[in-house]
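Trainee: Sharing a structure below in structure tokens format, with a few things to ask.
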Amino acid sequence: MIGDVLDAEGKELARELGAENAISTRLDVSDFSSWQEAVQLAEQTFGRLNVLVNNAGIMNSGPLDEYGLDQWDKIIAVNLTGQFLGAKAAIPSLRAAAPASIINISSTAGFRGYAELHGYTASKFGVRGLTKSLAVELANQNVRVNSVHPGAVATAMTDGLDVAGLNPLGRRGQPAELSSLIVYLASDESSFAIGGEFIVDGGELAGSGPITGK
């Protein structure tokens with residue numbers, strides 16, 4: 001089940017995956033009723049819902065004295081509240097289909113600050129915390145919750161960004177370099193992974209160097 005506000009893109013992806021494998025629906029992650037409709041459609045189509053990947057995210061930026069409250073409210077609504085609403089809407093179905101898995105997509109910005117990315121950084125730290133509380137609450141219900149923390153990945157969000165010095169590899173990651181990890185966390189092969197933080201960042205958070213000069 002592919003959920004997005006980008007209707008055309010979602011339908012195209014579903015066509016690529018094949019009608020027997022995927023369908024697309026309009027989903028506004030900041031709207032709980034939209035989540036409920038998506039969950040209901042998933043169950044009607046596939047018989048059950050046992051994996052939720054909270055992947056929706058936006059980015060905005062600006063220096064503190066120019067960064068508006070509307071920018072803050074919008075990014076928190078999508079990046080953080082959206083994940084809370086997704087888990088809340090899906091949990092009855094996930095519980096019924098257990099063993100089940102929730103995978104929350106955060107960012108390296110969930111571990112470190114980036115100047116002028118105030119709302120983005122706060123939302124991604126928030127996803128880390130939300131993941132922990134959900135993981136502890138749902139573990140004994142056979143619903144595992146983990147977070148994934150990508151660095152710069154080659155998506156529309158990072159088009160035009162200069163990431164040459166951001167990580168030791170000097171490049172953006174490819175979506176396929178993350179998808180295999182997400183499949184692992186969705187599967188029973190990761191049955192002992194609960195409340196984990198899985199970093200896929202080309203070494204960004206590992207450090208920097210060497211230090212040169214006197």
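Trainee: Out of (1) among the aliphatic types (A, V, I, L, M); (2) within 29 Å of Ala22 (Cα to Cα); (3) out of contact with any helix residue (DSSP H, G or I) (no Cβ under 9 Å at 6 or more places or on another chain); (4) touching a residue at least 12 places away in the same chain (Cβ under 8 Å), what's the single condition that is false for Val136?
Mentor: Val136 satisfies every listed condition except (2).
Trainee: Identify the residue in the range 101-119 that is of a type in the set (A, V, I, L, M, F, W, C) and touching a strand residue (DSSP E or B) at 6+ places or on another chain (Cβ under 6 Å) and, among all such residues, is farthest from Val145 (Cα to Cα).
Mentor: Result: Ile105.
So that you can scan it fast, the table gives a plain yes or no per residue for (1) closer than 16 Å to Gly196 by Cα; (2) in contact with a His (Cβ under 6 Å, 6 or more places away or on another chain); (3) part of a helix (DSSP H, G or I); (4) among the small types (Gly, Ala, Ser):
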position: Ile91; (1), (2), (3), (4): no, no, yes, no
position: Ala98; (1), (2), (3), (4): no, no, no, yes
position: Asn104; (1), (2), (3), (4): yes, no, no, no
position: Thr121; (1), (2), (3), (4): no, no, yes, no
position: Phe125; (1), (2), (3), (4): yes, no, yes, no
position: Arg128; (1), (2), (3), (4): yes, no, yes, no
position: Lys132; (1), (2), (3), (4): yes, no, yes, no
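Trainee: For the range 174-205: of the residues being surrounded by fewer than 11 Cβ atoms within 10 Å (Cβ to Cβ) and hydrophobic (A, V, I, L, M, F, W, C), which is farthest from the chain's Cα centre (by Cα)?
Mentor: Result: Phe192.
Trainee: In addition: Please specify each residue of the range 183-204 satisfying the condition of being part of a helix (DSSP H, G or I) and at pLDDT below 95. Outline the logic, then answer.
Mentor: The initial filter retains those residues of the range 183-204 that are part of a helix (DSSP H, G or I), namely 183-186, 188-190, 204.
Glu204 - this is the single residue of the range 183-204 that is part of a helix (DSSP H, G or I) and at pLDDT below 95.
Trainee: Next up: Mind telling me which of the residues Asp70, Asp65 ends up being modelled with pLDDT of 95 or more, open to solvent by 60 Å² or more (accessible area, probe 1.4 Å), assigned to a loop (DSSP other than H, G, I, E, B) and more than 26 Å from His149 (Cβ to Cβ)?
Mentor: Answer to the selection: Asp65.
Trainee: List, please: which pairs have Cβ atoms under 6 Å, are six or more places apart or on different chains, and start with a residue in the range 179-196 that is touching a residue at least 12 places away in the same chain (Cβ under 8 Å) and among the aliphatic types (A, V, I, L, M) and end with one that is assigned to a helix (DSSP H, G or I) and surrounded by 12 or more Cβ atoms within 10 Å (Cβ to Cβ)?
Mentor: Final answer for the pair search is Ile194/Ala135; Ile194/Ala139.
The values are calculated or read from the model by the stated rules, or taken from the named source; none is laboratory data. Predicted model, so just to flag it, every value in this text is computed and none were measured. Note that each Cβ is placed from the backbone with ideal geometry, even for glycine, and that neighbours are counted across all protein chains shown. Ligands, DNA and RNA are excluded from the accessible area calculation, which covers all protein heavy atoms including side chains. Shrake-Rupley method; radii C 1.70, N 1.55, O 1.52, S 1.80 Å.
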